[in-house]
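For reference, the structure discussed in these notes is given below.
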Amino acid sequence: MIKFDHVTKRLGRKTVLDDVNFEVGEGETFVIVGLSGAGKSVTLKHMIRLMSPDSGTITIDGEAITDLGRRDLSRVREKFGVLFQSAALLQWMNVRDNVALPLREHTKAAEEEIIERVTAKLALLGLDDAWDKFPSDISGGMRKRVGLARAVIMEPKIVLYDEPTSGLDPVTSRRIDDLIVNTREQLGITSVVVTHDLHSALAVGSRIMMLHQGRIVENAPPEDFIRSKNETVQSFLESQYITKKGKWEEFRHE
Amino acid sequence: MTYPVRSAQRTGARVLQLLHDTGHAMFMLLEATWFVQFAFGKRSRHETVTQLFVTGVKSLAVITVVALFTGMILALQTGLELQRWGQEEFIGSAVAVSIIREMGPFMTALIIAASVGSAIAAQLGTMTVSEEIAALEVMSINPNRFLVMPRLVALAVMMPILTVYTNILGIMGGAVVGATQLGVSFSAYMDNATQFATNKDLFVGLFKAFVFGIIITTVSCHQGFMTTEGAVGVGKATRRSVVISFLIILIVGYMITRLFYI
Ligand SMILES: Nc1ncnc2c1ncn2[C@@H]1O[C@H](COP(=O)(O)OP(=O)(O)OP(=O)(O)O)[C@@H](O)[C@H]1O
Ligand SMILES: [Mg+2]
């Protein structure tokens, strides 16, 4: 579904991605973890060509996106829904208009139908009462959920989440985890989740990849990730009080 | 490396960057201009109307005060000079011609650049650093259609309209000073003004205003989109948008005057 082939990216003097290779299969929930500045957001941005690699290729659904023209790029981007790290809602539109925006821009649906679809999606995310509020008047957790609603309203094949739980309280974080799992189960989509929250990673991931200084140090299913021999991975696990002896299944919640 | 070589290199790099930025801004302007045909289409109608309203209303108070007082100052200065030669009845034309030709479009442009232009740069700058522009791109919503075009329409339309308003108020301000300080009656003032100010003066002035509107939009939107480094960057972009707009308005204003009056 998504394939990185020897991708290298330099920004300023720093090599942010250094010969990165990985593949995300269809229907997977692929989690990218790593310390701040490891290159996680940069990796996500490459998938939708908000950034282009200095060398290497990125393939989406069997199609190399590195040299696509504007039309084709648009067509590839249609496959994606993206939840940005800052939610990236338009400040002058209320919650409902923000979520309705892709529908209004790209479909010929009648206004009543748009409202209906948006209202249903907002209800699903527990935002029934907030539809007429503006982004500056709602909490960070609500903004993230609105961003999520906007990301999935066009029913994309792939959803990218950049730190869906950062800055949220543990209870809301777990709810977002559930949302990610539910969204995947209901829509059968492929997800890529960027996070530094290992609890979240273990809860939602079918595969976990760790980036460190622009290189992949581990890429394994959660049960193997937690027992990784790599020192960087181990210290990352320990920093969040997760030990090798722990059972990763405990992090899954029903 | 020796100092002159290094500084020459740095200058070279800066010139290249400037050319690159200018090209970028020009492309943005061209694309937004092409999208003007959709200004009142279903998707953009609301935003275009909002921008027209915001541009028209936001600066009205400042424009009113500045225009009135500029007319009064002009009338007083030239009027006192003319009075020494017993020619004070000519202040009507002195004020009207200089306001319609130069001062009207120019002052309106400066005020709009400082109020509306800076607000555009700040808004688009904030959107850039908070990933909202990236989000639009991922949703295949072209920012040049969605954001630049409505602002372009608003400024290109409102600048000439506001300039007419500035002209009228400026001339009225002059009339007030003429009547109260110089003993020139209102009708004598207006007779003299209409006798010397030509239609050409008015149309060249309005053409200038239209061009200034395009310049302000282009510079402000471009500076907004180029913003980096968070909130600090937004401040920088705002300041730069005003300074660059002022400079280009001065230079282009001179060129248009030359074009039509030589
Ligand atoms: N536009 C840019 N220009 C220059 N450097 C950049 C740019 N974007 C990111 N970087 C640099 O690339 C590195 C990786 O950034 P990235 O945003 O991918 O980190 P991250 O893993 O997402 O971190 P965080 O968890 O803090 O979001 C950082 O050192 C950052 O300074
Ligand atoms: Mg990040």
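The values are calculated or read from the model by the stated rules, or taken from the named source; none is laboratory data. Note that the structure is predicted; figures quoted are calculated from it, not measured. Glycine gets a Cβ as well: all are built from the backbone with ideal geometry, and neighbour counts include every protein chain shown. Only protein heavy atoms, including side chains, enter the accessible area calculation; ligands, DNA and RNA are left aside. Shrake-Rupley method; radii C 1.70, N 1.55, O 1.52, S 1.80 Å.
Annotations
- For region A:195-214, a residue qualifies if it is more than 16 Å from ligand 2 (Cβ to nearest atom), farther than 17 Å from A:Ser235 by Cβ and either open to solvent by 10 Å² or more (accessible area, probe 1.4 Å) or in a helix (DSSP H, G or I) (or both), and the qualifying residues are A:Ala203, A:Val204, A:Ser206, A:Arg207.
- Qualifying residue in region A:195-205 (condition: more than 15 Å from ligand 1 (Cβ to nearest atom) and polar (S, T, N, Q)): no
- Filter result for B:Gln17 (more than 30 Å from B:Thr180 (Cα to Cα) and open to solvent by 80 Å² or more (accessible area, probe 1.4 Å)): yes
- Selection over region A:79-91 of residues that are touching a Phe, Trp or Tyr at 6+ places or on another chain (Cβ under 8 Å) and either modelled with pLDDT of 95 or more or more than 16 Å from ligand 1 (Cβ to nearest atom) (or both) gives a count of 1.
Condition check ((1) open to solvent by 20 Å² or more (accessible area, probe 1.4 Å); (2) away from ligand 2 (no atom under 16 Å from the Cβ); (3) assigned by TED's automatic domain parsing to the domain that holds A:Ile216) across all residues:
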site: A:Gly37; (1), (2), (3): yes, no, yes
site: A:Ser41; (1), (2), (3): yes, no, yes
site: A:Leu50; (1), (2), (3): yes, no, yes
site: A:Thr59; (1), (2), (3): yes, yes, yes
site: A:Ile65; (1), (2), (3): no, yes, yes
site: A:Phe84; (1), (2), (3): no, no, no
site: A:Arg96; (1), (2), (3): yes, yes, no
site: A:Val99; (1), (2), (3): no, yes, no
site: A:Leu103; (1), (2), (3): no, yes, no
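- Lone qualifier among A:Val7, A:Val20 - being more than 14 Å from every other protein chain (Cβ to nearest Cβ), at pLDDT 90 or above and within 16 Å of ligand 2 (Cβ to nearest atom): A:Val20
- Residue tally, condition within 28 Å of A:Glu223 (Cβ to Cβ) and open to solvent by 20 Å² or more (accessible area, probe 1.4 Å), over region A:7-35: 9
- Looking at region A:45-124, the helices (runs of 4 or more DSSP H) lying wholly inside it that each contain 3 or more residues that are at the interface with chain B (Cβ under 10 Å from one of its Cβ atoms) and more than 19 Å from the chain's Cα centre (by Cα) sit at A:70-77, A:95-106.
To keep it simple, each residue is scored yes or no on (1) touching a Leu at 6+ places or on another chain (Cβ under 6 Å); (2) over 26 Å from A:Asp5 (Cβ atoms); (3) within 16 Å of ligand 2 (Cβ to nearest atom); (4) of a type in the set (Phe, Trp, Tyr).
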{"position": "A:Lys45", "(1), (2), (3), (4)": "no, no, yes, no"}
{"position": "A:Gly56", "(1), (2), (3), (4)": "no, no, no, no"}
{"position": "A:Leu73", "(1), (2), (3), (4)": "no, no, no, no"}
{"position": "A:Val76", "(1), (2), (3), (4)": "no, no, no, no"}
{"position": "A:Trp92", "(1), (2), (3), (4)": "no, yes, no, yes"}
{"position": "A:Leu124", "(1), (2), (3), (4)": "no, yes, no, no"}
{"position": "A:Asp132", "(1), (2), (3), (4)": "no, yes, no, no"}
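- Filter result (open to solvent by 10 Å² or more (accessible area, probe 1.4 Å), under 21 Å from A:Ala38 (Cβ atoms) and more than 13 Å from ligand 1 (Cβ to nearest atom)) within region A:161-194: A:Leu168
Residue-wise test of (1) touching an Asp or Glu at 6+ places or on another chain (Cβ under 9 Å); (2) open to solvent by 10 Å² or more (accessible area, probe 1.4 Å); (3) at the interface with chain A (Cβ under 10 Å from one of its Cβ atoms); (4) closer than 30 Å to B:Thr194 by Cα.
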site	(1), (2), (3), (4)
B:Ala96	yes, no, no, yes
B:Ile112	no, no, no, yes
B:Ala119	no, yes, no, no
B:Thr126	yes, yes, yes, no
B:Ala134	no, yes, yes, no
B:Val148	yes, no, no, no
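- Residue match in region B:151-167 (condition: within 14 Å of chain A (Cβ to nearest Cβ) and within 16 Å of the chain's Cα centre (by Cα)): yes
- Screening region A:17-73 for residues that are under 22 Å from A:Gly188 (Cα atoms) and out of contact with any strand residue (DSSP E or B) (no Cβ under 7 Å at 6 or more places or on another chain) and picking the one that is farthest from ligand 1 (Cβ to nearest atom) gives A:Gly62.
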